[in-house]
Amino acid sequence: MTPALEPALATLLRTMPKAELHVHIEGTLEPELIFELAARNGVPLAYPDVAALRAAYAFTDLQSFLDVYYAGASVLRTADDFHAMAMAYHRRAAADRVVHAELFFDPQTHTARGVPMGTVIDGLWRAREEAARTLGVTSELILCFLRHLSEDEAMATLEAALPWRERFVGVGLDSSERGHPPEKFARVFARAGALGLRRVAHAGEEGPPAYVASALDVLGVERIDHGVRAIEDAALVRRLADARVPLTVCPLSNVKLRVYRDMSQHTLPRLLAAGVCVTVNSDDPAYFGGYVNANYEALFAAFPSMGRAEAYRLAANSFEASFADDARKAAWRGELDAAFAAG
Ligand code: ADE
Ligand code: ZN
């Protein structure tokens, strides 16, 4: 049995301002919205109802999840669909006191089905603007390449997105990790760097620590998504800590996809104690059992040794690791200090 969280700490985790830096917008598509969009767009689903779909969310590894995730995303057809999905995420994020989010999107999942790049980006961008105006939540878009596809396809995707260059802050790398090392995408990340795009990559989720090192050395990324397997290489942990390379860690995802047997096995506390700039994020919250605050709560409940100091550090790291400018980071840090002074 996981002990209950101490109430004052639970309140602080819930109410402290935070940034979310690792969330796939397609992974926020809740089953109810999947069914609504499937009906609206005439897309057949393999499950008769929401309960049956939810029951299929029992994953054994990353690939078993990705198969269900790509099937879910197939209901997205129009810019309004992307807008509805992204608005729902921003509303949910605001409720968790997320003040800023950096959102991954997977254009190849949609363009392969004949949905134009402009449709995807227009819908997401409209939600981004509306959320800033109506919810006070700011966000940025990060275009991800699917690593199970070829580098030529990634390059074509980047070129196809360039008419909307000002609408995405950077590029990322996601999907099946094993057997698809960062080196496979050296040229497209070099091109993205030359265009002034920020660079991040999933590495060390299921793949080995060597993928974390090559994402840094070959792709030139500024942040590592997941990166938890870095713990297997002490020199790499020291490197990450010394260079303040952020890891965007997703605790519930790691348990759901069986990177760890249960939350008590998670290595986040050890990475944090080693001085790594660790952040807490939700990855694919509609599939993994909770949004960002549920991730904080599950983590702190599993580690009674973690308290206020760790909560502050994780929220401060989320701002430090974001792609926002220094003035905004300083303002958020002030809000964080105020939340801790009050609670
Ligand atoms: N795409 C969506 N979620 C992902 C994850 N956890 N790892 C790799 N690719 C993903
Ligand atoms: Zn991810």
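Per residue, how much accessible area does segment 1-106 have with a 1.4 Å probe, in Å²?
Accessible area per residue: 39 Å².
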> How much area per residue is accessible in segment 178-234 when the probe is 1.4 Å and only protein heavy atoms are counted (Å²)?
Replying inline: 35
> For segment 156-235, which trypsin sites (Lys or Arg not before Pro) are both in a DSSP coil and crowded by at most 10 other Cβ atoms within 10 Å?
Replying inline: none
> Which whole-number value in Å² is the accessible area per residue of segment 279-343, probe 1.4 Å?
Replying inline: 34
> How high is the relative contact order of the chain, given as a whole-number percent (alpha carbon pairs under 8 Å, six or more residues apart)?
Replying inline: 21
> For the pair ARG244 and ALA95, how long in nm is the line joining their label points, each one 7 Å along Cα→Cβ?
Replying inline: 3.5
> Taking the simple approach of a point 7 Å from Cα along Cα-to-Cβ for both ALA4 and PHE303, what is their distance in nm?
Replying inline: 2.3
> For a paramagnetic label modelled at 7 Å from the Cα of GLU129 toward its Cβ, which residues of segment 158-176 fall within the zone defined by backbone nitrogen distances under 15 Å?
Replying inline: 164-168
>> Given a 1.4 angstrom probe, I'd like the percentage of the accessible area of segment 111-232 that is carbon and sulfur, rounded to a whole number.
In response: 51
> Cβ under 12 Å from ALA286's Cβ, ALA286 left aside: what net charge do those residues give with Lys, Arg +1 and Asp, Glu -1?
Replying inline: -2
>> Under a crude label model (7 Å from the Cα following the beta-carbon direction), how far is ALA294 from GLU222 in nanometres?
In response: 3.0
> What size of dipole, in debye to the nearest 20, comes out for the chain about its Cα centre when the only charges are +1 on Lys and Arg C-beta atoms and -1 on Asp and Glu C-beta atoms?
Replying inline: 480
>> Per 0.36 nm of contour for each residue apart, how much would the distance between THR15 and ALA58 grow if the chain were fully extended, relative to their Cα-Cα spacing?
In response: 12.4 nm
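The values are calculated or read from the model by the stated rules, or taken from the named source; none is laboratory data. What you see is a predicted model, and the numbers here were worked out from it, not measured in a lab. A quick note on method: Cβ atoms are made from the backbone with ideal geometry, for glycine too, and the neighbour counts reach across all protein chains shown. Remember, those area values only see protein heavy atoms, side chains included, never the ligands or the DNA or RNA. Shrake-Rupley method; radii C 1.70, N 1.55, O 1.52, S 1.80 Å.
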